[in-house]
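For reference, the structure discussed in these notes is given below.
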Amino acid sequence: MLLIEVNRELGFVPDEALREIARVSGTSLADVLGVATFYSFLSLEPRGTHIIRLCDTIICSMKGAPDILSAIEEELGIRAGQTTKDGRITLETTSCLGLCDQSPAMLIDDVPRSRLTAEGAREIVRGLMQGGGA
Ligand code: FES
């Protein structure tokens with residue numbers, strides 16, 4: 001829970017926080033680091049204000065996720081795993097979001113978007129770039 005709170009507050013978990021969490025919880029730094037690196041929703045590096053997580057697992061992949069990823073990458077001018085130069089948007093791929101029945105799917109921050117098309121994803125990203133929400 002401490003890792004989640006720090007990640008939510010800062011957008012990532014810095015080294016100092018890892019050490020402090022290990023100290024206050026009486027856990028080794030290695031164990032804290034193990035948890036922090038296991039969960040993809042926790043980051044040890046600064047990320048954008050908004051995070052787009054596109055599912056790249058089998059169902060979404062079969063229903064067009066690779067084309068959607070290309071469209072989003074083109075729209076943002078970055079590749080998966082990168083953050084826009086203005087620091088506003090990070091693009092990531094992720095494993096199954098549990099929305100297989102509505103695939104292809106992605107999360108923008110904590111908001112699910114599903115039944116995506118490449119053009120629909122472009123419109124969503126344009127809205128986000130223009131200051132809109134998820
Ligand atoms: S495979 Fe994409 S949401 Fe399950």
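The values are calculated or read from the model by the stated rules, or taken from the named source; none is laboratory data. Remember, it's a predicted structure, so these values are computed and weren't measured experimentally. With ideal geometry, Cβ positions are generated from the backbone for all residues, glycine too; neighbour counts draw on all protein chains shown.
Restricting the stretch 22-52 to residues that are charged (D, E, K, R) and out of contact with any Phe, Trp or Tyr (no Cβ under 8 Å at 6 or more places or on another chain), the residue that is nearest to ALA80 (Cα to Cα) is ASP31. ASP101 satisfies every condition listed in (1) of a type outside the set (A, V, I, L, M, F, W, C); (2) within 16 Å of the ligand (Cβ to nearest atom); (3) touching a residue at least 12 places away in the same chain (Cβ under 8 Å) except (3).
Residues in the stretch 71-90 that are more than 16 Å from the ligand (Cβ to nearest atom) and surrounded by 15 or more Cβ atoms within 10 Å (Cβ to Cβ): ALA71, GLU73, GLU75, LEU76, ILE78, GLN82, THR83, THR84, ILE89, THR90.
Counting only helices (runs of 4 or more DSSP H) wholly contained in the stretch 1-118, no element carries 3 or more residues that are modelled with pLDDT under 95 and of a type in the set (Lys, Arg). Restricting the stretch 11-64 to residues that are within 30 Å of LEU99 (Cα to Cα), among the small types (Gly, Ala, Ser) and touching a helix residue (DSSP H, G or I) at 6+ places or on another chain (Cβ under 9 Å) leaves a set whose member that is surrounded by the fewest Cβ atoms within 10 Å (Cβ to Cβ) is GLY64. Residues being within 16 Å of the ligand (Cβ to nearest atom), among the hydroxyl-bearing types (Ser, Thr, Tyr) and within 10 Å of the chain's Cα centre (by Cα) are entirely absent from the stretch 44-67.
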